[in-house]
Amino acid sequence: MINELYECKILRASRTRLLQLIETVDYEILFKIPEGFNNNIIWQIGHCITSQQRHMYMRSGLPMHISKEFMESFKIGSSPGSWQITPDTNEVKPLLIDTVNILESDLESGLFINYEPFDLP
């Protein structure tokens, strides 16, 4: 458990930095897709949240703490070019820290009993 809580501390620090980025960088820059890339900064940040939720909760057979629409917007294979509605940074910002708080609590309570591991390609 000590390692898991330490990892949550690292995750919280990186998410806090991403939150600071969202709050200080111009909206246009957050949503601009640089030449040669498929995604923008806000997609990358949303993808961090979605990946953590899918890897920890979905693979454990537990409900995720993000909406289906949020997951669809930021899952692997998605792109801002396919967004029907542009995500609101006010939805992304609280999820950066709230999902870490929930994860930490769920780890402490031993919620992750069944977990389906996977291999990276």
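Select, from 29, 33, 41, the only residue that is at pLDDT 95 or above and surrounded by 15 or more Cβ atoms within 10 Å (Cβ to Cβ). On inspection, the qualifying residue turns out to be 41.
Of the residues making up region 59-86, those that are surrounded by 11 or more Cβ atoms within 10 Å (Cβ to Cβ) and either touching a Ser or Thr at 6+ places or on another chain (Cβ under 6 Å) or not basic (Lys, Arg) (or both) number 18. Against the condition of a type in the set (Asp, Glu), in a loop (DSSP other than H, G, I, E, B) and either touching a Pro at 6+ places or on another chain (Cβ under 9 Å) or touching a residue at least 12 places away in the same chain (Cβ under 8 Å) (or both), how does residue 116 come out, does it pass? Judged against the criteria, residue 116 is a match. When region 1-28 is filtered for residues that are farther than 18 Å from residue 94 by Cβ, without any contact (Cβ under 8 Å) to a residue 60 or more places away in the chain and not in a loop (DSSP other than H, G, I, E, B), the ones remaining, listed by number, are 2, 3, 6, 7, 9, 10, 28. Out of all the residues in region 51-63, is one or more under 15 Å from the mean Cα position of the chain (by Cα), closer than 18 Å to residue 107 by Cα and among the hydrophobic types (A, V, I, L, M, F, W, C)? Scanning region 51-63, I find at least one residue that is under 15 Å from the mean Cα position of the chain (by Cα), closer than 18 Å to residue 107 by Cα and among the hydrophobic types (A, V, I, L, M, F, W, C), so the answer is yes. Restricting region 59-88 to residues that are in a loop (DSSP other than H, G, I, E, B) and without any contact (Cβ under 8 Å) to a residue 24 or more places away in the chain leaves a set whose member that is farthest from residue 33 (Cα to Cα) is 63. Taking the stated definitions as given, is residue 33 farther than 15 Å from residue 97 by Cβ and either among the aliphatic types (A, V, I, L, M) or not in a loop (DSSP other than H, G, I, E, B) (or both)? Yes; evaluated as a whole, the condition is true for this residue.
The values are calculated or read from the model by the stated rules, or taken from the named source; none is laboratory data. Just so you know, these numbers come straight off a predicted model, no measurement behind them. Methodologically, a virtual Cβ is constructed for each residue, glycine included, from the backbone with ideal geometry; neighbour enumeration extends over all protein chains shown.
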